[in-house]
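Some notes on the structure that comes next.
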Amino acid sequence: MKRFVFFGILTIFLCLLATPGYSGYLRLGGAMYAGAGVEDYLLVGKQVNINWSSKDIDLQTKVKLTLLKNGVPFRVIAKGLPLTNGYKNIMDEWCNDTNWTPANSDMGCNYKVQISTEDNPPISDTSRRIDIFPVEKFVSQGKYSYVKLDSPKGGEIVPLGKNYMIKWTCIPNGFHWSTSPKLKLELFFNNSKIVDITNVVLNFNQCPIYGSYNWMVGSNLTAGNFYQIKVSGDSSSYLSDNFIIAYPSSKPGSGEKVHKIDQSGVGIDGPSSPPDKKPK
């Protein structure tokens, strides 16, 4: 009985090996990352090399590369690629590679790259998680920053006493937090700080490339043309261009009557403050 079982298992194994189309394997290499370890990431506009190896697959087979987001296909990177360029490594595997440059539309988190054969059923392999970040650094006041303020923009009109959405872009891999990660928002007037707006706690497990804060523009502020918002975190900071704070009923004009600045009132916290108080 034992001999019968042994020969039965051996027969099944030999049949699998002899079956036409018996699949080998296809593997992605690990050299495509700009980062390392848990900080695997790519940069928009920076070319990376995707390499792979295969064994026991028909050398005429074509492969394709697909970018997955949250586990589902996001877009095809390339298709109709040859399985090999005729090179074998020390593991006796056939090898090939191709270059890829992530686009602005790819920016985001929780991506993976999948390589698969174009036959059916396909043989495939998937990379570790990668995030795709914007340009490596932003520049503000002649210094590099890992965070950039997107709104308000220079010349934009922000109404007094209304809610306004402050928006920013940050590059998470640029921050090296030892405690709770935060971004600080501050209001400036003519390059001088007036008041703290808020501190925003970031969750880097969610890869917060984009962020926003719903700011109530205090009615105690004075209408003016030289306001700025500074966003900062870790050792990075970014100061916006000048924007305008105006009364909701005001209309933009070319003269100074609508937006004339009373500097003695800018940044006053309440009616009890002295009228000659200057912005700090």
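The values are calculated or read from the model by the stated rules, or taken from the named source; none is laboratory data. All of these numbers come straight from a predicted model, not from anything done at the bench. Cβ atoms come from the backbone with ideal geometry, glycine included; neighbour counts cover every protein chain shown.
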For the condition surrounded by 14 or more Cβ atoms within 10 Å (Cβ to Cβ), touching a strand residue (DSSP E or B) at 6+ places or on another chain (Cβ under 8 Å), within 26 Å of residue 213 (Cα to Cα) and not assigned by TED's automatic domain parsing to the domain that holds residue 29, what is the one hit in 148, 153? 148
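Residue-wise test of (1) of a type outside the set (Gly, Ala, Ser); (2) within 17 Å of the chain's Cα centre (by Cα).
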| residue | (1), (2) |
| --- | --- |
| 91 | yes, no |
| 102 | yes, yes |
| 126 | yes, no |
| 129 | yes, yes |
| 142 | no, no |
| 156 | yes, no |
| 165 | yes, no |
| 184 | yes, no |
Checking residue 139 against (1) assigned to a loop (DSSP other than H, G, I, E, B); (2) free of Cβ contacts under 8 Å to residues at least 24 places away in the same chain, which test does it fail? (1)
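So is residue 218 out of contact with any Gly (no Cβ under 7 Å at 6 or more places or on another chain) and part of a loop (DSSP other than H, G, I, E, B) or not? Working first, answer last.
On the way: out of contact with any Gly (no Cβ under 7 Å at 6 or more places or on another chain): yes; part of a loop (DSSP other than H, G, I, E, B): yes.
Yes; evaluated as a whole, the condition is true for this residue.
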Looking at residue 133, is it at pLDDT below 90, surrounded by 16 or more Cβ atoms within 10 Å (Cβ to Cβ) and in contact with a Lys or Arg (Cβ under 6 Å, 6 or more places away or on another chain)? no
Given (1) under 20 Å from residue 243 (Cα atoms); (2) touching a helix residue (DSSP H, G or I) at 6+ places or on another chain (Cβ under 6 Å), where does residue 193 come up short, assuming only one miss? (2)
Residues of the range 69-106 being crowded, with 18+ Cβ neighbours inside 10 Å and under 13 Å from residue 130 (Cα atoms), in sequence order, are 102
Note on the range 89-136: residues part of a strand (DSSP E or B) and among the hydrophobic types (A, V, I, L, M, F, W, C) are 94, 95, 100, 109, 113, 115, 130, 132, 133
Kindly indicate whether residue 142 is over 16 Å from residue 44 (Cβ atoms) and not assigned by TED's automatic domain parsing to the domain that holds residue 51. yes
Restricting the search to the range 110-126, which residues are crowded, with 19+ Cβ neighbours inside 10 Å, within 15 Å of residue 71 (Cβ to Cβ) and either at pLDDT below 85 or hydroxyl-bearing (Ser, Thr, Tyr) (or both)? 111
Which of the following residues is within 29 Å of residue 246 (Cα to Cα), modelled with pLDDT under 90 and surrounded by 14 or more Cβ atoms within 10 Å (Cβ to Cβ): 207, 170? 170
